[in-house]
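Peer 1: Structure incoming, see below.
Read the figures in this text as sums done on the coordinates, not as results from a lab. Bear in mind the structure is a predicted one, so any value in this text is a computation, not a measurement. Cβ placement follows ideal geometry from the backbone for every residue including glycine, while neighbour counts extend to all protein chains displayed.
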Amino acid sequence: MNGFNKMSLYLTKKENCRICASKDLKEFLDLGAMPPANSFLKKEDLNKEEVIFPLMVYFCHDCGLVQLLDVVAPALLFKDYSYLTSASKPLVDHFVEMAKDLVARFISYKKDLFVEIGGNDGSLLKAVKNHCRVLNIEPAKNVAQISREQGVEAIDEFFSKKLANKILKSCGQAKIVVANNVVAHIDDLKELFDGVKALIGKDGVFVFEVHWVGNLIGDGGFDQVYHEHLSYFSLMALQKLVERHGFKIFDVALVSIHGQSLRVYVSANQKIEKSVDNFLNKEKELGLNQSKTYLGFAKKVEKNKRELTNLLLKLKKQGKRIIGYGASAKGNTLLNYCGIDKQILDYIIDTTPFKQGKLTPGTHIPIYSPGKLFQEIPDYILLLSWNYADAIIKKEQNLRDKGVKFIIPVPEVKII
Ligand code: DWN
């Protein structure tokens, strides 16, 4: 089967906004067709045709949601998943703190149920499994198995209203449902919220983190755009989504993870905190509800690409050795959009066992464990996991002492 037929097999093109069904949608950014960001290749797959999909971003003039309309089948993206929370210590630390905060705020008894949708390898729930009943709903079978090995029971299915009712029958109502870096990945948001409503009822809370669109167009980077991320949320758009399903956002916090993410607290009847109005006002001041804001962002992306590729080509002309740090999903958007391949990066290091020994999708750069770094110290390191820059730079101070320079690629190119 050729690439085009394979693409059409897994791709659905939406005509309507994912939240409000409006057709008044404006395309403002096109990163070009590329393979899914986590579809790392085994060496034996190199001669097979890679399936690629369009990567275009739209703004809804009615509800303000920034979104992809080209939807890649979840089974292709998530059934055998390369990403592990536990591969990034700063992320584990963040989720452990979040889990403990939520238990302190919303759990009253040990028998209370705490469910996580898309809990990956169980890193968050493991931290509180002695304080309440925990359940991980993780569709990737390979990852769900790791959760079980961590002592966190996992159901390896996609979350649905049907599964929610099954859990309700077998485990009772949930006091807390969490879904971190999941809501943006789901196309059928009605199915998600119907399922959550069944699970938490009137008394439970739904707390989720999503990458904040204000960071995407601000201090973060365009590389957070990839096929897994169907939506790029503002609180304004989220409020419209949540209220359509009979819930209210009663609290919100901006957290420094994955650049900056929104931690959103949702329930049927909790008292609404001032944080919600304060943040909505902040978003209005940033113009997150106006399409011209995103058109301006698209121009910044093109400039960012030019500056990064010019720098890398200049360094290669000078005979410099450059490697990548962190085979992240966002890194694959950056590499494919900027055309950065093995001519530029000798290899990439990554702490994730599933990724080591594989090659990056589209650009085919080999991925090694971090130990490779000390066999041949490079001149420059392109930080593909820039969202952990502080922790990584601190961890690799000895390299900097040896004169190795780090390149931060987005939103502007920086050498430190
Ligand atoms: O939404 C998603 C985000 C939240 O996480 C998922 N769809 C996929 C994933 O995106 P990502 O791969 O861009 O996330 P990270 O957490 O930025 O990926 C970091 C990568 O860097 C991991 O593969 C682990 C690796 N790493 C490393 O090699 N050394 C990370 C750290 C901190 C390190 O020191």
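Peer 1: Mind checking the dipole of the chain: about its Cα centre, +1 per Lys or Arg Cβ, -1 per Asp or Glu Cβ, Debye to the nearest 20? If you can, show how the numbers build up before the last one.
Peer 2: Numbers: 58 positive and 48 negative charges, 60 e Å.
Dipole of the chain, to the nearest 20 debye: 280 debye.
Peer 1: Can you pull out the cysteines in the chain that have no other Cys Cβ under 4.7 Å?
Peer 2: Cys with no partner Cβ under 4.7 Å: CYS132, CYS171, CYS338.
Peer 1: Let me ask something else about it. Please turn the phi angles of region 95-105 into ³J(HN,Hα) values with the Karplus equation 6.51 cos²θ - 1.76 cosθ + 1.60 (θ = phi - 60°), one per residue in order, whole Hz, x for glycine and proline.
Peer 2: 6, 4, 5, 4, 4, 5, 4, 5, 5, 5, 8
Peer 1: Can you list residues from other chains, or at least 5 along the same chain, whose modelled amide H is less than 5 Å from the amide H of PHE53?
Peer 2: Here MET34 satisfy the definition.
Peer 1: I'd like the FRET efficiency for ALA33 and HIS245, computed as 1/(1 + (r/R0)^6) with the beta carbon distance as r and R0 of 41 Å, rounded to 0.05.
Peer 2: So, using R0 = 41 Å, E works out to roughly 0.80.
Peer 1: Could you give the angle, 0 to 90 degrees to the nearest 10, between helix 235-244's Cα long axis and the longest principal axis of the Cα atoms of the chain?
Peer 2: Long axis of 235-244 versus the principal axis of the chain: about 40 degrees.
Peer 1: Which whole-Hz couplings ³J(HN,Hα) result when phi for each residue of region 43-55 is put into the Karplus expression 6.51 cos²θ - 1.76 cosθ + 1.60, θ = phi - 60°, listed in order with x for Gly and Pro?
Peer 2: Going residue by residue, I get 4, 5, 8, 4, 8, 8, 6, 7, 7, 10, 9, x, 9 Hz, with x marking Gly and Pro.
Peer 1: Something else about it: Once you order the gyration tensor axes a ≥ b ≥ c over the Cα atoms, which shape class does region 290-378 get: rounded for a/c under 1.5, otherwise prolate or oblate by comparing a/b with b/c?
Peer 2: Taking the square roots of the gyration eigenvalues as a ≥ b ≥ c, region 290-378 is oblate.
Peer 1: Compute the relative contact order of region 79-226 as a whole-number percentage, counting only Cα pairs closer than 8 Å that sit 6 or more residues apart in sequence.
Peer 2: Result for region 79-226 is 20 percent.
Peer 1: Here is a follow-up. For the chain, calculate the relative contact order in percent as a whole number, restricting contacts to Cα pairs under 8 Å that are 6 or more residues apart.
Peer 2: Taking the mean separation of contacting Cα pairs over the length of the chain, I get 15 percent.
Peer 1: Could you give the Stokes-Einstein D for the chain in µm² per second, using the C-alpha Kirkwood radius, 10 °C, 1.306 mPa s?
Peer 2: It diffuses with D of about 72 µm²/s by this estimate.
Peer 1: As a check on your grasp of the helix formula, calculate [θ] at 222 nm for the chain: sum -39500 (n - 2.57) over DSSP H runs of n ≥ 4, divide by the residue count, round to the nearest 500.
Peer 2: -10000 deg cm²/dmol
Peer 1: Follow-up. Suppose R0 equals 30 Å; then what is the FRET efficiency for LYS405 and CYS171 from their Cβ-Cβ distance, rounded to the nearest 0.05? Write down the numbers at each step before the final one.
Peer 2: Details: r = 52 Å, r/R0 = 1.74.
Once rounded, the FRET efficiency stands at 0.05.
Peer 1: From the backbone phi of region 283-293, what are the Karplus-calculated ³J(HN,Hα) couplings (6.51 cos²θ - 1.76 cosθ + 1.60, θ = phi - 60°) in whole Hz, Gly and Pro given as x?
Peer 2: Result, rounded to whole Hz: 5, 5, 4, 7, x, 5, 9, 10, 5, 5, 4.
Peer 1: Taking only C-alpha pairs under 8 Å that are 6+ residues apart, what is the relative contact order of region 206-281 in percent?
Peer 2: Answer for region 206-281 is 37 percent.
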